[in-house]
Amino acid sequence: MTRLRLLLAILAASSAPLSAQEVATSGLARIAPDEQGVHLRGDAVVGVMEAGLNPFVPLLERVVIYPVHAERTLLLDARVAVGGCPVGLEAAWSVDDVLAFHALGGEAAAVAAMRAAADGALADLSFEPGVARGVVAGEARARLSPAWPDGVRLAGVTLRPGGCGSVLDRYRLREEADPAALPDLPGAGAHRAPLGDLRLVAGDGSQAVLRGAVAGFDVTDAAALRACAGDGGVALIGPRVASAVAGDLRVAVGAAPREDLPAALAPALPGPATGWLAECGVAVRGVTYGDARLSRLVEVDCFETPGAAVCARD
């Protein structure tokens, strides 16, 4: 290539972006850092072009450019059965060998080959209800890897629930405590403020949910209550009482290990969060746990399908 032709090719390459698929006439292929180019003379492979400006002979030669480092995802047609319910699979993939990828036929052909490989490798893969998601994904990947087309790297497999299968919430209630194990704080008060579902985090990081507990309080200064709650009075201050009591309970259990949560609830009141209520003419008298349940939260990572037993793990 003469110096003039090379200069014209550089100017042409600089003035307009080259195709990300094929370059045939400019004489200069611009390869991005995340790409590789297959240098062809006719249909014969000359070599692989790396990032930068790469000259070639226009008309006689061409360059097909592929993104090789970018990871892409493909929703496979194949399904695995978990308790008889279909669970979809998504494969993360990238180009592993650009020459093999080109010989395969490029991206469209690679996608078809990946889907065909999955159809064959996963045809009879099934699991019992309650199986961990990691087990399903791991077994699917182990079957897919040897069947995966040349030139393509299988980076990972994730699950896409469908049909009658569903992923459980990250946490599940387990091991409800006997109400007798929860100490009533005496002096329920004339008014009640239900605490709702209160999530507690113990000192060891474990979690629990307290359900059904009720805070009791009295109005000790009607004028102060009116100054804080206006005409809303007890109805408006009640949720504030519940919020303050919940804050003190959270502080009380924050330094306790999981097994000591019931005992940690007893000395919780009054605490820093409920102290300010005195300025509003309100005195918190205690918490009633008569119908309450303290349930441990455990992390789960599994599928639940109709008829499945509780699937949970610490």
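Considering segment 83-106 alone, what residues qualify as being under 21 Å from the mean Cα position of the chain (by Cα) and among the β-branched types (V, I, T)? V87, the sole residue that qualifies. Considering segment 122-151 alone, what residues qualify as being over 26 Å from the mean Cα position of the chain (by Cα) and crowded, with 19+ Cβ neighbours inside 10 Å? Across segment 122-151, the qualifying residues are W148, P149, G151. Residues that are modelled with pLDDT of 80 or more and either in a loop (DSSP other than H, G, I, E, B) or out of contact with any helix residue (DSSP H, G or I) (no Cβ under 9 Å at 6 or more places or on another chain) (or both) were ranked within segment 271-300; the one that is farthest from G230 (Cα to Cα) is R285. Out of A268, A246, one residue alone is buried (at least 20 other Cβ atoms within 10 Å of the Cβ), at pLDDT 80 or above, of a type outside the set (D, E) and in the same structural domain as R293 (by TED's automatic domain parsing). It is A246.
The values are calculated or read from the model by the stated rules, or taken from the named source; none is laboratory data. Worth saying up front: this structure is predicted, and the values here are computed from it rather than measured. Cβ sites come from the backbone with ideal geometry, for glycine too, and all protein chains shown count toward neighbours.
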